[in-house]
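Comments concern the structure below.
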Amino acid sequence: MSSSYRNRIQEFKLALSEQQVDLKALRELCFSGIPCEGGIRSLCWKILLNYLPPDQALWETFLEKQRDVYAQFLREMIIQPGIAKANLGVSREDVTLEDHPLNPNPDSRWNTYFKDNEVLLQIDKDVRRLYPDMAFFQRPTDFPCQLILDPQNEYETLRRRVEQTTLKAQTVNRNRSGVTNVSSPGKALHLYPSNEYAVLPNGCEAHWEVVERILFIYAKLNPGIAYVQGMNEIVGPVYYTFATDPNSQWKEHAEADTFFCFTNLMSENRDNFIKSLDDSQCGITFKMESVFSRLKQKDTELYIRLQEQNIKPQYFTFRWLTLLLSQEFLLPDVIRIWDSLFSHQDRFEFLIPVCCAMLILIRDQLLAGDFTTNMRLLQDYPISDVHSRSPERSSMNRSQIRGWSDDGLLYLYQ
């Protein structure tokens, strides 16, 4: 470890040791990258995402309160409904003329249960394939939720709900003639690509199951938006950062802390996931067009080339903007980019020039390519290394070939 890197770590420790954290100074430090040592990044993200207040004297009571609130969410939205469902059907009184499985009344507990299951199955499908190139999310967590796993709580868990509503023993396919074909799971491995995604034994939880629970609780608390595919890609890096904190006192509560940080992040980003707002000034269409407007200012030649090829911003920037570039780079690189993104006061406005800079960075290839080549390039962004692999360099805003400037433009690093 070089002396300059050690000095940088000390700068962060000093900033985080202040009784009243100086947010402006911390943002400036974090924009250039946060060291991964000592759980510094995890703590900084909690502050930058407006979870922890600047006054450290408030942290202990605040965290205790928030984690109690999250535990209550688990009781009300998973455990209690699970107990009720486990008891449904035990006696004939559970199925009445007023409330039965076919009751279309939106207030029916059966109707609510079935609608929740639809959301849960989509979440389950998405979290099972979260960062499949990494083993982390399929591994057991060191701190499984004891409230959920308590053997005294006899209730239908999320795990059990998924099992009951998914065909495990056979896969049903309908061919073009309308004939139903039943095939064994061995012939339909694309549904569950490998046994890495298998559910762990009772008493254990994989990290993806924790992420599933976070997203399910969020969907229940936010029925207006519920769950939209892609939210798993946003919560994943946040949870990974918190769940790998070397400090076990923080690591133990990664689930609750991730939930509240994700909720805060979505409060700023949720308009991108609401279809009815797409064409409004706060919607995703306006933001996608803003990327091309910025490109027109910065590189007219490239802008004209993309226009001539009829390459529209919605063909690729939709994913870039809604998922905060989480699918364009490897996870370590995403985390480094998010250091800068989270530390910027106008983080989602800052994302627009960053996307513009990404286009300029590959301008030579785009100018030389035809429509098909360029679409492939933009939908599978070619650069996957935002920083060198050494931990010292990964915390700096210098990179192997590029870094972020304050207006989001990229510059070459020599």
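A few remarks follow.
- Elements of type helices (runs of 4 or more DSSP H) in the stretch 324-384, at least 3 residues being surrounded by 15 or more Cβ atoms within 10 Å (Cβ to Cβ) and of a type outside the set (D, E, K, R): 331-343, 347-361, 371-379
- The one condition in (1) surrounded by 14 or more Cβ atoms within 10 Å (Cβ to Cβ); (2) modelled with pLDDT under 95; (3) not aromatic (Phe, Trp, Tyr) that residue 309 fails to fulfil: (2)
- The requirement of being surrounded by fewer than 24 Cβ atoms within 10 Å (Cβ to Cβ), in contact with a helix residue (DSSP H, G or I) (Cβ under 7 Å, 6 or more places away or on another chain) and closer than 20 Å to residue 333 by Cα is fulfilled nowhere in the stretch 204-224; no residue meets it.
- Highlighted here are the helices (runs of 4 or more DSSP H) found entirely within the stretch 11-80 that include at least 3 residues which are open to solvent by less than 10 Å² (accessible area, probe 1.4 Å): 40-48.
- Just so you know, in the stretch 238-255 the residues that are open to solvent by less than 20 Å² (accessible area, probe 1.4 Å) and out of contact with any Lys or Arg (no Cβ under 9 Å at 6 or more places or on another chain) include one that is farthest from residue 140 (Cα to Cα), and it is 238.
The values are calculated or read from the model by the stated rules, or taken from the named source; none is laboratory data. Small disclaimer: the values here were computed from a predicted structure and weren't measured. Glycine also receives a Cβ, built like all others from the backbone with ideal geometry; neighbour counts cover every protein chain displayed. Ligands, DNA and RNA are excluded from the accessible area calculation, which covers all protein heavy atoms including side chains. Shrake-Rupley method; radii C 1.70, N 1.55, O 1.52, S 1.80 Å.
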